[in-house]
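Beneath this line is the structure, given in structure tokens, with notes to follow.
Any read-out appearing in this document is the output of simple, stated calculations on the displayed coordinates, not a laboratory observation. Worth saying up front: this structure is predicted, and the values here are computed from it rather than measured. Don't worry about glycine lacking a Cβ; one is built from the backbone with ideal geometry, like all the others, and counts go over all protein chains shown.
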Amino acid sequence: MRCRSLFISALAAVVALAPMLRVSAQQPSLTAEQVRQSITQGVDYLLNEQSGQGTWDDMTEYPGGVTALCTLALLTAGVEPSHPKIQKSLAYLRTLQPEKTYTVALQTMALCEGEPTKDLALIQKNALWLSRVQITQGPRTGSWSYPLGPGVGGDNSNSQFAVLALHEAERVGAKVDPVVWKLAATYWKECQNPDGSWGYQPENMPGSGSMTCAGVGAWIICSGKVAAAAAEADANGIQCCLPPDQNDVLERALVWLGRNFSVRRNPGQPGAASQWQFYYLYGLERVGRLSARRFIGDHDWYRAGAEYLISRQDQFNHQWLGEGHSEDNPHVATSLALLFLSKGRRPVLMAKVKHGPGEDWNRHPSDVANLTAYVEREWDLNLTWQILDPQAATVEDLLQAPVLFVSGSQPPELGGLETKFRDYIDRGGFIFAEACCIDGSGFKDGMKKFLDKIFPEGEYKLRQAGPEHPIWRIDRLVRPDSPYIGRIWTIEYGCRTCVVFSEVDLSCYWEVFGRGRLDNIPQQTMLRIEDANTIGLNVMAYATNREPKGKEESFLASDLADLDANADRGVIRIAKLMHGGGCNDAPGALANLLRSASQGELKLQISQQPFEISASDPALPRFHMAFMHGRHDFRFTPEERKSLRTYLENGGLLFADSICASKEFTAAFHREIEIVLEGAKLTRIPVDNPLFTDAAGGFNIQQVSRREPAAAQAGQPIRSRVQKVQPELEGIELDGRLAVIFSPYDISCALEQHEALQCRGYTREDAAKIALNVLLYSLSPEAGMKVP
């Protein structure tokens, strides 16, 4: 049932719990499932089209080129290198001799994506060939040609593919002469048009979308190899916050692309807009990913491109077909479409927050990119990151990144954003901040003041991260004598840490590590670099549970009704019972449940507003269901017990869970409910009860996944295991219906999108199913509420 998958997605990822306000008013519906299905169908099409020799219909002038492109697309889309058809293709590609730049570049990228350790010698051979055929004299020095022979100038298409291949070769361990990168960087800078665009050739050729995307991607890669670093390490130690190279190459290009943005044509080609359209989209994905921009101009490039490509996919054989040279070959067009959809959806690990009019937010421009690359290698997972302007962003924009990274040396200019950041945190977001440079005291003091405004409540304040905190050991162990010990602070909010703040520099060491220039530096500096990487890795593991979501998870249908605009008639309202046992320790759980229940395809008329009341409030009988959770001991007053008993006896339903399986709260809840209902005891609900089936339109949850922390081992990282079990819900029946449903295992933290590794409870997906089933059970006729 399609509505079920939508509910799972909405409840499992808080980033998808609210409509994308920035785009929803104009854009048609697009769901995560549509994106995934489109990729799967395109993959199946290409696999079925492969010949028995492991090839696709290669062009005569580029033998092996189309096969390399198809292989690269399939690997990027998630087909394992061990797949028999991929093995055939890789075996064929290994037989190719270097002749044409396009083919050698695509062959190299496919080998890097496939089995790079096995093929490193061949990858290195290709890298040497590409370096050797680079043009090193004349007006097009630094570029590449087909090659066609002596005296034939280079072009920006061949040059782009050569740069991409050499970059991937370096990533897997091949060596590239720095002179190659220097010549290429100079070439791309000098052949940019005055308006910020690039053309196919560097002289007197107007810019196009495809070639401007080629220029942006190549420039980011090449300049990153040769530009002066913002941090350097040598035998004397480390220097941080050095002034970076100043140029406007990237910004001018992004302005041109934003002004000419389209996904339905290749911009800048009057009369031939459909030429090279899929090639352009392949480059557009690279621009967004490498520049760390979610928006190009005002356009959400991935969503726009995904909607267009899915609308263009053949409904019967699931191929894509373009126009003009090469793209009228469905194998080429389908491969380029898959590369856009697959690479563009890579999960966002974190977003770097811009603050203030200057560049203090970006004192180490490559820090987050380098940390992301480090996490990619450690988790064996393709990831990306973003740059984000919180002034222009909505909360929904913020939520596409599970972590916001805020850095600087001066007080951050974030005034007026306190509510936006609090809404982001309430929906599962996480803030990672650091004071960088030699004296970051201005940032340290300013950030503390900003956090105090986000959390005016007295109980949510910065405190030193003690030795028991997971950030010291969740993925890798931080050495006991690290200088970061005692210098990192956290804010504990409900069932989780939501802020990690380092009062000393981390980004400087990420910057240095990513440059790869680590020869002949002191051991203490190397240890500090390892500390910074480990802390960054651990914070990411804690904040994301090592499961960052793909970009498509943020896509929701755009025609959601504002149900709260309706009058009281027909609108279901849920009460949240207040008590002294940590009733707000998972503050976003109920709000997220209500929001998702009202926004799915069922469009249940449920108010998205959690109404916080005491059990003795005279308004309690007006609510369809009451919800509560906690993690500490509590007691109802006599008035609350009497009011709650009347509510339950007249058809009300109380749904509760124990945050992180707190034994203290579980014992208190058992005691209080027994008093409320005069001796009635909670007992385990049999697994054949309709609550656990799809009888009320929900899910069959007779088997669920539950996370159990593994026994802590001294000096070892924190681990947990997920087991398939029967759900353990307890209940009390009144008049043949469940009046009380209680989970002694955590549901709320999972609904809040933070199923902490040390927290005993159901996984996000199954916690969502349980909560939704309880809600649907409460709407069933046998659970109908009596009128008092």
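Numbers below:
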| quantity | calculated |
| --- | --- |
| Other-chain or far-sequence residues with amide H under 5 Å of Met59's (modelled H) | Gly64, Gly65, Val66 |
| Highest to lowest packing among 69-81, 134-146, scored as the average C-beta count within 10 Å | 69-81, 134-146 |
| Linear extension gain, Asp234 paired with Arg463, 0.36 nm per residue minus alpha-carbon span | 79.0 nm |
| Overall dimensions of segment 629-706 by Cα: Rg and Dmax, Å | 14.6, 39 |
| Rg/Rg_ref, segment 423-527, where Rg_ref = 2.2 N^0.38 Å and atoms are Cα | 1.20 |
| Within the chain, percent of DSSP bridges classed antiparallel, to nearest 5 | 45 |
| Residue-wise HN-Hα coupling along segment 393-400, computed from phi with Karplus coefficients 6.51, -1.76, 1.60 (Hz; x: Gly, Pro) | 7, 8, 4, 5, 5, 4, 5, 5 |
| Packing-based exposure ordering (other Cβ within 10 Å, fewest first) of Glu664, Glu307, Glu359 | Glu359, Glu664, Glu307 |
| Cα-based reach from Lys225 at 17 Å (exclusive), listing lysines while leaving out same-chain residues under 8 positions away | Lys175, Lys182, Lys189 |
| Sorted largest first, extent of segment 33-344 alpha carbons per principal axis (Å) | 58, 44, 44 |
| Long-range amide H partners of Ser658 with built H, under 5 Å | Ser743, Tyr745, Ile747 |
| Anisotropy class of segment 101-181 from Cα gyration tensor, a/c 1.5 cut | prolate |
| Charge tally in the Cβ shell below 13 Å around Pro98, where Lys, Arg are +1 and Asp, Glu are -1, Pro98 excluded | +3 |
| Ratio Rg/Rh, restricted to segment 378-423 and using Cα atoms, in which Rh is the Kirkwood radius | 1.03 |
| Spatially proximal lysines relative to Lys549 (Cα-Cα < 27 Å; intrachain offsets below 8 disregarded) | Lys343, Lys352, Lys354, Lys420, Lys603, Lys724, Lys769 |
| Ascending count of other beta-carbon atoms within 10 Å, so fewest first, for Glu190, Glu168, Glu376 | Glu190, Glu376, Glu168 |
| Per-peptide average of other Cβ atoms within 10 Å, ordering 413-424, 652-663, 170-181 highest first | 652-663, 413-424, 170-181 |
| Two-site FRET efficiency, Met526 against Thr95, from Cβ-Cβ distance with R₀ of 45 Å, rounded to 0.05 | 0.60 |
| Rounded if a/c under 1.5, otherwise prolate or oblate - segment 348-552, Cα gyration tensor axes | rounded |
| Global form of segment 144-262, assessed from the alpha-carbon gyration tensor, a/c cut-off 1.5 | oblate |
| Interchain or long-range residues, amide H under 5 Å from Glu413's placed H | Gly356 |
| Estimated vicinal HN-Hα couplings, Hz - segment 405-411 in sequence order (Karplus 6.51, -1.76, 1.60; Gly, Pro = x) | 9, 10, 9, x, 10, 10, x |
| Surface/4 estimate of mean projected area, convex hull on alpha-carbon atoms of the chain, nm² | 35.0 |
| Ranking of Cys241, Cys508, Cys436 by count of other Cβ atoms within 10 Å, fewest first | Cys241, Cys436, Cys508 |
| Relative contact order (%) - the chain, alpha-carbon pairs under 8 angstrom, separation at least six | 12 |
| Span-like helix ranges in the chain, DSSP H, alpha carbon extent 27 angstrom or more, Kyte mean at least -0.5 | 523-544 |
| Signed unit charges on C-beta, dipole axis of the chain, positive-most listed residue Leu462, Trp181, Tyr493 | Trp181 |
| FRET efficiency estimate (nearest 0.05) - Cβ-Cβ, Asp481 to Ser441, R0 41 angstrom | 0.95 |
